[in-house]
Each structure stands twice: as structure tokens, then as C-alpha cells.
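Following: one structure in C-alpha cells, then a few remarks.
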Amino acid sequence: MCGAVTRKYIFVTGGVLSGLGKGVTSASTGLLLKSMGYSVTAIKIDPYVNVDAGTMNPYMHGEVFVTEDGGETDLDIGHYERFLNIDLSKKNNITTGKVYQSVIEKERRGDYLGQTVQIIPHVTDEIKKEIREVADEQGADVAIIEIGGTVGDIEGLPFLEAARQMRLEEGVDNTLFIHVVLVPKLSTTGELKTKPAQHSVQELRRIGIQPDILVARSIEPLSREARRKLALYSNVPREAIFSNYDVDLVYEVPLILREQGLHSLISKRLRMKYCEPDLSSWIDFIDKIKNARKQVTIAMVGKYTRLKDSYLSIIEAIKHASAHCLLKPKLKWIEAEDIEKGRVSAEETLEGVDGAVILPGFGIRGAEGKIKLIKELRESGKPTLGICFGLQLMVVEFARNVLGLDKANSTEVDPSTPHPVVDLLSMQKGVIYKGGTMRLGALPIRLIRGTKAYEIYGQRDVVYERHRHRYQVNPRYINKYAENEFIVSGFSKEGFPEIMELRSSKFYLGTQAHPEFKSRPLQPSPIYIGFIKALKKG
Ligand code: GLN
């Protein structure tokens, strides 16, 4: 059996440009080691000054991933959770903002009394402490630390310096540097060019880090020549150069890295016992996705649809549940503002669509467009899943068009509505700070027997799902909805509606929580399975 070794730290850096898929490379490396029997954790370092990702626009950074303990983190934490099949903590996402916040707090408390507080050693010490603490608390044999951004960014320097110091302190047998680079292909000559990668390795070496392994991202497998050049100029042996070429599914990346022997090289280099990785269930999952022939078309109704990463966990949850049901999902992205502005009609938009997800969101833009679509969906009986803001707008639509409360709204959209069917959570009243103040993380939902939700969750009385919201469905109106078949099937501990469903429908259900954050390739979210099953025709 493999397992229990002196702790190993694997640092993953990136060169040439951002958005290369370092997160998937890190997660895949983790999965290979985990499948060998080691316990693995993964940490994402984000060198921005925000304390966490919670205050960032999804258009800039993609979705905000919510952890069990209510962290608002980078979406790479989602990749790690899905690949490693573990729950991570908000501590697994370290940012410049967090590091400086604690250094400054310590300075004010007098912990550094008499000293001049500096980036080296105080900030770098704090970074190392946070990395070690996470690895310790999570009892990891291996901690994978992905340093966000690109080598050469000014803001990344203290983190790279901390990583360099850790090699000295932990020893060469316990630390490893993987550098992920882009190897572009010239369209004119069809050649794979290694020069940008060479420069980025030089940049890394200039700050004292010689990578042990290079992972080259390219649109096709690396040629022998490209591999030879990369090895020569980067001072990395040829067998330590791995080709991470474009594949259809991110879940295939661990397999292509395994094929090239990444796991055996790492185990040799870090003096870890070798055990053959067992990836059989992972491969089964990929086979299910690839072999699914029956297609279902799902409308994805949102307002950040131009950047699909804004809804990454939802897309993945749909993939997991579809693989489970042996269906092939085709996503049709619908920008709610197009409907709001009358550029397309709700009816037209839903042509050929089997069902829809009303995506989460904030603010006024697009809300009326979503409501129009929801009406169409409810009336046509197409399976509909509302997530968070999606549920809230399903309630607004129902209040307006079934109960006849014309001006019903969420107070987030219309603060002076006469019928506040969705209103600010009472615990939010008086909250001024925006960072980390929403109702966040895994919280209990009490399910009502006899409802669809109760069945979907396997007849459990209480389930936990992750949350991220400031508003809630106003319980004052729920009897009126119930008289019209729109019932509450799950309540929060505080007593407000968490899940609502239309009794007579095949699947018309909204949830205040975000079940997608707990969906894993081998353990899809029950709510998403329920939705996908309902799309099965005939
Ligand atoms: N804007 C809504 C709220 O704060 C919904 C949030 C969401 O969809 N995550 O409650």
C-alpha cells in the first residue's frame, strides 16, 4: 500500500500567459497521486489584493466557488474538489489580501514589536505558515500549491520567493516545481514554437527556481523536436517534459498525463513508494460521457453567458448528472437581456429546447428577461431548474402571473415593490460590508415528506447544500402559492423556503442553494440528476 510519507510539496507555476489550465493540471496531478493511495490536498494562491473572490465580477474571474465552510473562492478550488473528490476549506485559497491582512493585524497587535516589517521575511513567512497549516490540518501526504498568474507578474513575486525558500527548508526530496507553459502553433508553418516557454523558464530561474517538470500546453501533442528544444533550453530532462494537449473533456487530462508517466516520475523524484494508480471508476465516468448518444438540449438562462466560466460548476454538474443518466447534454446559452430588450422572443428562444436552468445572479440587469422566459417555461411544462436567483425569479413570476400580484418583485430588483415576494434576509439588515457577509456555505435544508425534493434526495429529512445569497423567498405568501400547487418542499433552519416545486409538473423546481458546488464526477448532485432525468423524452 502507498501512503504516509514525509509531507511533499508540489508547486505549480505558469508561464507565457494565464488561463492555460494550470488548475486542471494541478488537479490532475493530485488525482494521479491520490489514485496511488496518497492523501492529497490542493491550495490555490491568488496574488490579487482582494481578500477573496467574493467581491469580483464573474466576467473577470469566472464563477465564485463556495466551499463547505462558506469560503468565496477561486474556481480552481472547484476543479480540485471535483478531481480529488474531497471538501476543501476557505483556507485552501490564499490571496495577497489575506496574507497582508494577517501580517498587518499581527503588526498592530505587537507580534513583531521592535522590528521593521518587510515582504521578506515577514510576508514570505506568513505565506509559508499558511501553506503548512493547511497541509497539516488536512493531514496531507502531498500538498499541491498552484500559484496563480504568470511568472514575471510583480504581484506573484512574494509567493514564488516563499516557494523558493520552502525548497531549502523542506529539502529537495520533499519539494517539486512543475511549470506549465504554452507552446503555440504557428498557423503559417504549422510549427510548434518553444521560444515563449524558454523565456518563461529563464524568468523563473532568474528568481531562483529551476523547474523539475515542464507541462507544455498545446493544441496537439508535442513533436519530438519541440520536446528536444524545450529540454535543452530549459535545463529539464526530456522525460520530465509532459505534453498536455487539447482534449474534449478536462477529465481526460489525468489520463494523458498518466500515459506519459507523470505519476511515476513524481514518485521517483520525491522518493515516494510507487503504486499503480487505480483510475477504473474515473475511466468508466469518461466512457459514459463519450458513449452517451441521446442528446438533450438545455437552455442556460443567465446574464454572464459570454464567459462560460461564470457558471462553471453548473456546467460540470450537468455533465456529471448527464453521464449518470447516459444522456448527452447540449447547452443553449440564452442572454436574458436579449429577451428583456425584445431582440428575441421567449417562445422563439425555447424552440427545440428540452428544459432550462435559470442561472444564479445579482442585480437588475436581465431580471425581466428571465421572468418572461420563466413564464413560457412554466406554461409549456418544460422541465425547469432554478438556482438561487433562479428560484427567486420563479417566485416573482408565479406571484405576478398566477396570483395576479402585478407588481410583485424581489426588493433586490425593485426596492419599492408593493409585493416584496423576495426580500432581504433579516440577518442582512444593517450589513454594510460586501466581502464575506452573505449567507454562505453548507447549511441544513429540512425536506418535506411526499415532495419531489424529498424523493430526489433519497427520502432524507435533512440535507446540506452550499449557499451564497442575501435575499430569501418571503414566507408571507407561501400559502397562496400552495393553493395553486406551487409548494415549499424544503425549509431553512430559520424557516424560510429553500426549495419550491410545482406539484403537477414533471420537474419545475427552484432551490435557494447551489447544489452544483457539491456535484462530483462520481457522485453527481441529486437535484441535477432529478432535472436531467426529467429531460428524458418518452
Ligand atoms: N442575488 C440573489 C441574492 O443575493 C441571488 C444570489 C445568487 O443567485 N447566488 O439572494
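Computed from the coordinates by the stated procedures, all read-outs in this text should not be read as laboratory data. In this text, all values refer to a predicted model and were calculated from it rather than measured experimentally. Note that each Cβ is placed from the backbone with ideal geometry, even for glycine, and that neighbours are counted across all protein chains shown.
Results, tabulated for the structure shown:
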read-out: Shape call, the stretch 380-470: gyration tensor on alpha carbons, a/c limit 1.5; value: oblate
read-out: The stretch 311-354 shape via C-alpha gyration tensor axes, a/c threshold 1.5; value: oblate
read-out: Amide proton proximity set for Trp333, modelled H, under 5 Å, gap of 5+; value: Met300
read-out: Solitary cysteines of the chain, where the nearest other Cys Cβ is not under 4.7 Å; value: Cys325, Cys388
read-out: Per-residue ³J(HN,Hα) for the stretch 502-514, Karplus 6.51 cos²θ - 1.76 cosθ + 1.60, θ = phi - 60°, Hz, x for Gly and Pro; value: 8, 4, 7, 7, 5, 6, 9, 9, x, 10, 6, 8, 10
read-out: The stretch 221-341, dipole about Cα centre (Lys/Arg Cβ +1, Asp/Glu Cβ -1), debye to the nearest 20; value: 380 debye
read-out: Normalised convex hull volume, the stretch 1-136, alpha-carbon set, Å³ per residue; value: 132 Å³
read-out: Cα pair distances exceeding 28 angstrom across the stretch 257-388, given as percent; value: 36 percent
read-out: For the stretch 79-163, size of Cβ-based charge dipole, Lys and Arg +1, Asp and Glu -1, in debye; value: 200 debye
read-out: Column: log10 I(q)/I(0), Debye, Cα scatterers of the chain, q = 0.08 Å⁻¹; value: -0.56
read-out: Nonlocal Lys pairs with alpha-carbon distance under 16 Å, the stretch 185-309 (8 or more apart, or different chains); value: 5
read-out: Between the stretch 422-451 and the stretch 154-183, the alpha-carbon center distance in angstrom; value: 40 Å
read-out: Cβ-based charge dipole, the chain, positive-most Cα from Tyr477, Leu160, Ser28; value: Ser28
read-out: Ordering of 12-19, 55-62 by packing [mean C-beta count within 10 Å, highest first]; value: 12-19, 55-62
read-out: Whole-Hz couplings from phi, Karplus 6.51/-1.76/1.60, listed for the stretch 332-347; x for Gly and Pro; value: 10, 7, 10, 7, 4, 5, 4, 7, 4, 7, x, 5, 9, 8, 4, 4
read-out: Cα gyration tensor shape for the stretch 420-528, rounded if a/c is under 1.5, else prolate or oblate; value: oblate
read-out: Sequence-distant residues sharing a close amide H with Tyr471 (under 5 Å, placed H); value: Leu425
read-out: Dipole in debye (nearest 20) - the chain, about Cα centre, beta carbon charges: Lys, Arg +1; Asp, Glu -1; value: 800 debye
read-out: Which of Phe491, Gln459, Gln260, positive extreme of dipole for the chain (C-beta unit charges); value: Gln260
read-out: Entries of Lys375/Lys536; Lys506/Lys536; Lys341/Lys375; Lys452/Lys506; Lys8/Lys44; Lys319/Lys518 with Cα pairs more than 18 Å apart; value: Lys375/Lys536
read-out: Alpha-carbon centroid distance for the pair the stretch 313-354 / the stretch 490-535, whole angstrom; value: 17 Å
